[in-house]
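Input: a single structure, listed below in structure tokens.
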Amino acid sequence: MKMTTRFRSLVNAPELLMLPVAHDGLSALAIQQAGFSAMAMAGYGTSGSVLGLPDIGLISSTEMLTHYANLIDRVDIPVLVDIDTGFGDVNNVMRTVRLVERMGAAALFIEDQTYPKRCGHMAGKSVVNVDEYLPKLKAALAARSDPDFVIMARTDAAAVHGLDEAIRRARLYAEAGADMVFVEAVTTREDMARVNAAVPAPSMANMIEGGKSPFLSAAELQDLGYAAAAYPCASVFTAARALQTWANTLKAKGSTEGFATPQNMMNFEEYYRFIGAEAIREREKQFR
């Protein structure tokens, strides 16, 4: 089955689709090895991983898409990617969609923020007019070659103009042909249920530790009507804390003795297996 078809079927299944977000190749491998059915890749972790900078529109389209392509090539499950605001006008959007589809992604989302955008749970966001966003969404839909390739429309209007406007936009985006909708930074359970009752398309929740939305379990999100949930920050938060602890320990003690436990760190052989080196060595034997 094609990755696009698999992703679409997972979205339409009764069970909520959990989408952990990988920020680099190691996190992508960890997600796949944990047994998730699909994953996502987004600007927040990519900006941190590639640039060591926050998600405020500093990373270029080339940097972001190259990073996505490397990760998608490494895993064997469907991947949803974030293309921010489309990196320009309708022509840029169409080129981006074609590139993303060719690199093997199963789905993407495009948002209605102004450029430069910022993380959906940061203050100070702004959004474009609907009349400016809809042409981009329609261009994205027209550009895909595989009808199973899922295109999600994201609106950040709730934090800027209120939930009523966000719902109005989400309905317009669904009516324009978006396969899924993503109303970002909804702040209460009641409003989350309201979004899903009002919008005629599968929707995605964004679960961020310390973010603006209630952090709910997969079962709770499913009960509220969500089809999918993304976890965009946890992998990079986890990696940043682990690296910070390791660096501080090494600096303070001159050694990782005491820190290099199975809970904190893989050893050489464990990493060798995790990264797939063992399988690569076996594959090489076939050609000798």
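For this structure, a couple of remarks:
- When residues in the stretch 100-125 are screened for being modelled with pLDDT under 90 and of a type outside the set (D, E, K, R), 9 of them pass.
- Residues of the stretch 55-68 classified as among the hydrophobic types (A, V, I, L, M, F, W, C) and touching a Lys or Arg at 6+ places or on another chain (Cβ under 9 Å), total: 1
- Which listed residue is surrounded by fewer than 21 Cβ atoms within 10 Å (Cβ to Cβ) and not acidic (Asp, Glu), from SER203, SER217, SER235: SER217
- Selection count, the stretch 86-112, where residues are buried (at least 23 other Cβ atoms within 10 Å of the Cβ) and farther than 24 Å from GLY25 by Cα: 3
- Hits in the stretch 167-200 (condition: among the polar types (S, T, N, Q) and either crowded, with 24+ Cβ neighbours inside 10 Å or touching a Leu at 6+ places or on another chain (Cβ under 8 Å) (or both)): ASN196
- Just one of the numbered conditions (1) in a helix (DSSP H, G or I); (2) in contact with a helix residue (DSSP H, G or I) (Cβ under 6 Å, 6 or more places away or on another chain) is not true of VAL11: (2).
- Criterion applied to ARG288, ARG283 was being of a type in the set (D, E, K, R), under 26 Å from GLN33 (Cβ atoms), without any contact (Cβ under 8 Å) to a residue 24 or more places away in the chain and surrounded by fewer than 12 Cβ atoms within 10 Å (Cβ to Cβ), and the one residue passing it is ARG283.
- Strands (runs of 3 or more DSSP E) fully within the stretch 82-194 counting 2 or more residues that are without any contact (Cβ under 8 Å) to a residue 40 or more places away in the chain: 180-183
- Of residues in the stretch 25-58 being buried (at least 21 other Cβ atoms within 10 Å of the Cβ) and either assigned to a loop (DSSP other than H, G, I, E, B) or touching a Leu at 6+ places or on another chain (Cβ under 8 Å) (or both), the one modelled with the lowest pLDDT: ASP55
- Any chance VAL50 is in the same structural domain as MET103 (by TED's automatic domain parsing) and without any contact (Cβ under 8 Å) to a residue 24 or more places away in the chain: yes
- Residue in the stretch 7-22 that is within 27 Å of GLY276 (Cβ to Cβ), surrounded by fewer than 17 Cβ atoms within 10 Å (Cβ to Cβ) and in the same structural domain as MET180 (by TED's automatic domain parsing) present: no
- Put simply, of GLY225, GLY211 the only residue that is closer than 26 Å to VAL150 by Cβ, at pLDDT below 95 and surrounded by 14 or more Cβ atoms within 10 Å (Cβ to Cβ) is GLY211.
- Among all positions in the stretch 133-143, there is at least one residue which is touching a helix residue (DSSP H, G or I) at 6+ places or on another chain (Cβ under 6 Å), surrounded by fewer than 19 Cβ atoms within 10 Å (Cβ to Cβ) and closer than 20 Å to THR114 by Cβ.
- The residue pairs whose first member lies in the stretch 249-270 and is assigned by TED's automatic domain parsing to the domain that holds ALA30, whose second member is loosely packed, with under 10 Cβ neighbours inside 10 Å, and whose beta carbons are closer than 7 Å, counting only pairs six or more residues apart or on different chains, do not exist in this structure.
- When each of ALA228, ALA197, ALA193, ALA205 is tested for being closer than 30 Å to ALA153 by Cα, over 23 Å from the mean Cα position of the chain (by Cα) and assigned by TED's automatic domain parsing to the domain that holds HIS23, the lone residue that passes is ALA197.
- Looking only at the stretch 253-274, and only at residues there that are more than 29 Å from the chain's Cα centre (by Cα), surrounded by 11 or more Cβ atoms within 10 Å (Cβ to Cβ) and part of a loop (DSSP other than H, G, I, E, B), the one that is modelled with the highest pLDDT: THR256
The values are calculated or read from the model by the stated rules, or taken from the named source; none is laboratory data. Fair warning: this is a prediction, and the values are worked out from it, not measured in the lab. Every residue, glycine among them, receives a Cβ derived from its backbone with ideal geometry; neighbour counts consider all protein chains shown.
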